[in-house]
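Enquirer: Can you read through this structure? Questions will come right after.
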Amino acid sequence: MMKKATMLAACILLLTQGGALAHGGEMHGKKHRDTRMDKLHRIMPMYAEAQTKINGALEKGDATTVEAEAGEMAGTIPDLKKAKPHKNLKKIDTFKKIADDFGSKVTATVALAKKGDIAGAKTAFKKAEEKCNECHATFRD
Ligand code: HEC
């Protein structure tokens, strides 16, 4: 049986090596070891793309595109809520709360677009975008 001190040393070794690996992976753009961080890197570029399409469609009064694109965003909310930011990890409850609020605004956008209410969808999506910014202010590097 291993002594406590040996076990502790082994744990510390694992922790520091794990950290170094994760960090190295990031620096060199290799595969991330932490899937919860990975999630954000998959979700966010999709958000940026969808955001452009939604705003374009809102301008044109194209409710169908708004509904489809905001619908895609809405589908990622469960993953967003489970994701883990690099920065301010100790405020994870705030992260989840913002993710939740963001989800409500996106869902509202989908529902309003579905009814053909472009003005309403526009207002709802503006509020969703405020949540993008609110979350980035605290959690984005
Ligand atoms: C609940 C928090 C949260 C919300 C809401 C959020 N983001 Fe992010 N976003 C982040 C974090 C955290 C990062 C930094 C990624 C990291 O730490 O790996 C980020 C990064 C990004 C990036 C940079 C790409 C990347 O992978 O780093 C883009 C672009 C982006 N977000 C767009 C958006 C848009 C557009 C919205 C809203 C439609 C949005 N985000 C909503 C937390 C959020």
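Enquirer: Go through THR35, THR64, THR76 for me and flag whichever is polar (S, T, N, Q) and at pLDDT below 95.
Expert: Only one candidate passes the filter, namely THR35.
Enquirer: Which pairs have Cβ atoms under 9 Å, sit 6 or more apart or on different chains, and link a residue in the stretch 46-57 that is of a type in the set (Asp, Glu) to one that is in a helix (DSSP H, G or I) and more than 9 Å from the ligand (Cβ to nearest atom)?
Expert: Close Cβ pairs (under 9 Å, with a partner that is in a helix (DSSP H, G or I) and more than 9 Å from the ligand (Cβ to nearest atom)) amount to GLU49/GLU69.
Enquirer: Would you point out which residue out of ALA137, ALA111 is open to solvent by less than 60 Å² (accessible area, probe 1.4 Å) and assigned to a helix (DSSP H, G or I)?
Expert: Among ALA137, ALA111, only ALA111 is open to solvent by less than 60 Å² (accessible area, probe 1.4 Å) and assigned to a helix (DSSP H, G or I).
Enquirer: Testing ARG140 on (1) near the ligand (Cβ under 8 Å from one of its atoms); (2) free of Cβ contacts under 8 Å to residues at least 40 places away in the same chain; (3) among the charged types (D, E, K, R), one condition comes back false. Which one is that?
Expert: Only one criterion is unmet by ARG140, namely (2).
Enquirer: Inside the stretch 38-66, can you point out the residues that are of a type in the set (D, E, K, R), farther than 21 Å from PHE139 by Cβ and surrounded by fewer than 16 Cβ atoms within 10 Å (Cβ to Cβ)?
Expert: GLU59, LYS60
Enquirer: Given the conditions (1) open to solvent by 20 Å² or more (accessible area, probe 1.4 Å); (2) not in a helix (DSSP H, G or I), which single one is not true for GLU69?
Expert: Single failed check for GLU69: (2).
Enquirer: Next question, about the same structure. For the structure I just gave you, tell me whether ALA119 is modelled with pLDDT of 95 or more, surrounded by fewer than 19 Cβ atoms within 10 Å (Cβ to Cβ) and farther than 17 Å from LYS53 by Cα.
Expert: no
The values are calculated or read from the model by the stated rules, or taken from the named source; none is laboratory data. What you are looking at is a predicted structure, and each value in this text was computed from that prediction instead of being measured. All Cβ positions, even for glycine, are placed from backbone atoms using ideal geometry, and neighbour counts span all protein chains on display. Note: areas computed on protein heavy atoms with side chains; ligands, DNA, RNA excluded. Shrake-Rupley method; radii C 1.70, N 1.55, O 1.52, S 1.80 Å.
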